[in-house]
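Below: the structure, in structure tokens.
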Amino acid sequence: KKAAQQIMTEFDGVFPTDIAAIGSLKGIGPYTAGAIASIAFQKAEPAIDGNAMRVVSRLYGIDADIAKPASRKIFDQVLRRLIPLSAPGDFNQALMDLGSGICTPKNPDCESCPLKNFCFAYQTGQQEKYPVKTKAAKPKDFYYFATAITNANGEYLLTQRADEGLLAKMWTFPLIEVSRESFEFAQKNFGKQADVLDLFSVAEDVPLPELLSKDVVWQKRHLGEIKHIFSHLKWHVLLFYGVKQADFLLPSKSQFVAIKEFDHYVFPKPQQKLVELLEKRKQ
């Protein structure tokens, strides 16, 4: 939807044909941009996915680690030498089919492959060696309480993250980092025997002490959990909902914002998930 709106506002309602312009559309990455450019507009642009990298790595004996983003440039350079100007879309689709149907990750059907006479891996009996792909480290778990605090105007408290580091300068509901044990206790017992202020007090370093004020009336249940995986981190976030009864001094880089104004703030994906959960569960 966002890409369609972007086409209307930025490209006068006409789908762009230039690879850079296609790649500028929301939700379209390098692979999809290459596929669209080559198949729809006959541009000599490679569409590099796992299938393409597997076929090319076996064909030429390329030992670049396909799990590393930097390796994509190597395969891009090779494919640009191979892709025909006359039928780039057919070439990319053939490469996709070859990788998905014959040059498979395990037990490739090399005898049926039309490239076997030119394939380094087949000729040297090293099909299982390629492609080289290291296993990604398991993301480290982090646990948070998120606090959706609304005022009499129906606005929600947002706070801006630090200027550097993960999610720099983005806006979220106030977050309190807690231990796994505290998180799981709150998840199971909140609304039964646990008071929200007692739960918040388990954090070693509460970033917003105003949240502990009695001027906030907390709903007697949490609204649920969202999870989000970054490349090396996994966030578990439990959402609490409260209503501010009186004015208190706002922390730095914090302000109350109406939901209809949220689009003007840069939200990370975890915050987007929290807003969706809030709208679904707060009633």
## Note on the structure
Taking the stretch 107-155 and keeping residues touching a residue at least 12 places away in the same chain (Cβ under 8 Å), surrounded by fewer than 13 Cβ atoms within 10 Å (Cβ to Cβ) and either basic (Lys, Arg) or touching a Gly at 6+ places or on another chain (Cβ under 7 Å) (or both) leaves LYS135, LYS140
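Could you check the stretch 58-74 and list, in sequence order, the residues that are in a helix (DSSP H, G or I) and out of contact with any helix residue (DSSP H, G or I) (no Cβ under 8 Å at 6 or more places or on another chain)? Working first, answer last.
Just the residues of the stretch 58-74 that are in a helix (DSSP H, G or I), to begin with: 58-60, 69-74.
PRO69, ALA70, LYS73, ILE74 - these are the residues of the stretch 58-74 that are in a helix (DSSP H, G or I) and out of contact with any helix residue (DSSP H, G or I) (no Cβ under 8 Å at 6 or more places or on another chain).
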### Message
Restricting to the stretch 8-27, give me the number of residues that are among the β-branched types (Val, Ile, Thr) and buried (at least 17 other Cβ atoms within 10 Å of the Cβ).
### Response
2
### Query
In the stretch 224-283, what residues are within 21 Å of ASN153 (Cα to Cα), in a strand (DSSP E or B) and not aliphatic (A, V, I, L, M)?
PHE240, TYR241, GLY242, LYS244, SER254, GLN255, PHE256
### Query
If you take the residues in the stretch 213-230 that are at pLDDT below 85 and among the basic types (Lys, Arg), which one is surrounded by the fewest Cβ atoms within 10 Å (Cβ to Cβ)?
LYS214
### Task
Sort out for me the strands (runs of 3 or more DSSP E) sitting completely within the stretch 109-184 that have 2 or more residues that are farther than 26 Å from PHE75 by Cα, at pLDDT 95 or above and in contact with a Cys (Cβ under 6 Å, 6 or more places away or on another chain).
none
### Query
Between residues in the stretch 229-240 that are touching a residue at least 24 places away in the same chain (Cβ under 8 Å) and in the same structural domain as PHE190 (by TED's automatic domain parsing) and residues that are surrounded by 12 or more Cβ atoms within 10 Å (Cβ to Cβ) and among the charged types (D, E, K, R), which pairs lie under 7 Å by C-beta distance while being six or more apart or on different chains?
LYS234/ASP141; HIS236/ASP141; HIS236/GLU225; VAL237/GLU225; LEU238/GLU225
### Failed item, numbered, when ALA47 is tested on (1) assigned to a helix (DSSP H, G or I); (2) out of contact with any Leu (no Cβ under 6 Å at 6 or more places or on another chain)
(1)
### Task
Scan the stretch 150-176 residue by residue and report those that are within 21 Å of the chain's Cα centre (by Cα) and acidic (Asp, Glu).
ASP163, GLU164
### Message
Condition first: modelled with pLDDT of 60 or more and under 29 Å from the mean Cα position of the chain (by Cα). Now tell me which residues in the stretch 185-208 satisfy that.
### Response
PHE185, ALA186, GLN187, LYS188, PHE200
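The values are calculated or read from the model by the stated rules, or taken from the named source; none is laboratory data. All values reported here derive from a predicted model rather than from experimental measurement. Neighbour counts are summed over all protein chains in view; Cβ atoms, including those assigned to glycine, are modelled from backbone coordinates with ideal geometry.
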